[in-house]
1. Given a Förster distance of 56 Å, report the FRET efficiency between ARG341 and ARG47 from their Cβ-Cβ distance, rounded to the nearest 0.05.
2. Taking amide H positions as placed 1.01 Å from N in the peptide plane, with prolines and chain starts having none, which residues 5 or more places from LEU330, or on another chain, fall under 5 Å of its amide H?
3. Given the C-alpha centroids of the range 65-93 and the range 395-426, what is the distance between them in whole angstrom?
4. For ARG432 and ASP54, what is the calculated FRET efficiency with R₀ set at 56 Å and r taken between the beta-carbons, to the nearest 0.05?
5. Given a Förster distance of 30 Å, report the FRET efficiency between GLU184 and ARG112 from their Cβ-Cβ distance, rounded to the nearest 0.05.
Amino acid sequence: MPTPDPLPTLRPRQGADSPTPGGGSWLPRHRRAPYPASQVIGAEGARACQEIIDAARRLFVERGYHGTSVQAVAEATGRSDAAFYQYFRGKLEVFRIFFEELGVDLVDHFQRLPVLTEGPAGLAVFRAWLGELGAVLRRHSPVFAEWPLSIPEAALVDNASVDSPALDNASVDNPSDVDNPSEEYLQVLAASLPPRLARADTGGVDTRVLSVAVICIVEWTHIVSDARGKIARHPDEDDALHDALAGMIHRSFFPAPEPTPRSCEPIPRSPGPSPTGPIPRPDLAALARAAHTARPGDSDGTDGPNDSAGTDGATGPSPSKVPAQRDAPLPPGLRRSVTGRGRSTVETITEAAVAAFEQRGLAGTSVNDIIARSGVAHGTFYRYWTDRTAIFTTLAHRAAVHICDHFDALLAVGTVDELTRWLDDWLRIVERHGTVFHIWTCEILDNPPLWPLARAVRLHLEDVTARLPPHWPATTTPTATEPTSTTPTTMTIVLWTVLTEFPYNAWLRHPVLTREQVLHCLTLLMARGVLGLRDEFDA
């Protein structure tokens, strides 16, 4: 199988204070101001830098970026904060080292991609390469998944006059201020793909978009699978996921010559066949209400009237003082019905909550963060919700209704034009509710009260997926001698990743792609790779 010319080799950026390769890491060469004595870093300083980097890598894996402080990194090496700041402006500068390592490894792996061809042999080659890509991304998973969203350290990293310790505790609201080191690598990867896809029909989707999509989908499929797998993971799930992903992407590049007939026959789902006819809808509101009211006290452990993350002493009214709503069940999460006068206030607070959750996740957000963003008084917040989990329950119920409604409509899609309209509407849902979907992916296991609603949504999506055309690989797998079947559970993990995490991360959270680019790419993957539609694409 022919292999194209090697990719250009990227080198670390050079400068007076830029990191240079050393011992497998990119180490600074000079101490930072205001440390004038012995500015050149010798052997002892290099060892200190390496220990700081090793400790930061371990803590980022264990706690995530936002859960790791400079103090924690310094303490893990037996040093003070001041010792850390001799070498690095803040934790983001250390994090960038790991991101650069990820970029170098990706360039190296894309260099191994041969010219892709159609047929079982071409699929087998691509499947093997994709499995190795999965291994690369697993090594760098905390870096890929947690590139910081909104921290001034990124925007001010070249300003030596800024007080470094203050950077770890500050926050900004403009994600565009964050320096994204990925672009240089994305350009190299994009330039590498045309000769490797010379025999493929990519429907006019830009190679930079394709490289982002492949990397993002493989990585987030692992994260989605791992989160679910902590409860119920099958031993061969990685292989099944890679088979499904490789088949979907390969079919998108080498579509079948004839359209795949649409079928209403469901794909069998363990433990038994999925019923035909209308898909039963779970009572999402009841599940959301039960999840919130059944939990003992504050399940998040930080919010509510006794918020240990910092409140001004304000407390919400006790449940006994909230006027009872006897005529109808309360909306999920809310402690009282919303009148016309209060609707705009509720929407202001929920929008502020989404922005806060997007920046720091569910676990990293306090009620005070939401109140500060919304500009309302503490009493106003507690008039409607008891704590952080309550307001997330409200948001989760809204998202659940939208995703179930829209996935039901996918079954009626029969042409590329209909699919494009479906995806265009879907991206509006992701734009509004993507943060909730992302928290379901990353934090659901840490919040048992939210499990029933999330599980009901997942099972509903499995029912929908089981009714899609039987176009997923069920008889040919290049990784095994015995045929394997792609189950609706595996298919749902892939679809969830393709439709939620890919657009959310590549377009909204880390905007390296535009909405139009994401829509074009999703149309290609869904039309050919999932639904088996064979209409022509326009560039």
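Quick note: the coordinates plus some simple rules give every number you see, no bench work behind them. Just so it is clear, the model here is predicted, and its values are computed rather than measured. Virtual Cβ from ideal backbone geometry, glycine too; neighbours counted across all protein chains shown.
1. Working: r = 64 Å, r/R0 = 1.15.
Plugging the Cβ-Cβ distance into 1/(1 + (r/R0)^6) gives 0.30.
2. none
3. Going from one Cα centre to the other spans 45 Å.
4. Working: r = 41 Å, r/R0 = 0.73.
My answer for the efficiency is 0.85.
5. Details: r = 20 Å, r/R0 = 0.66.
That gives a FRET efficiency of 0.90.
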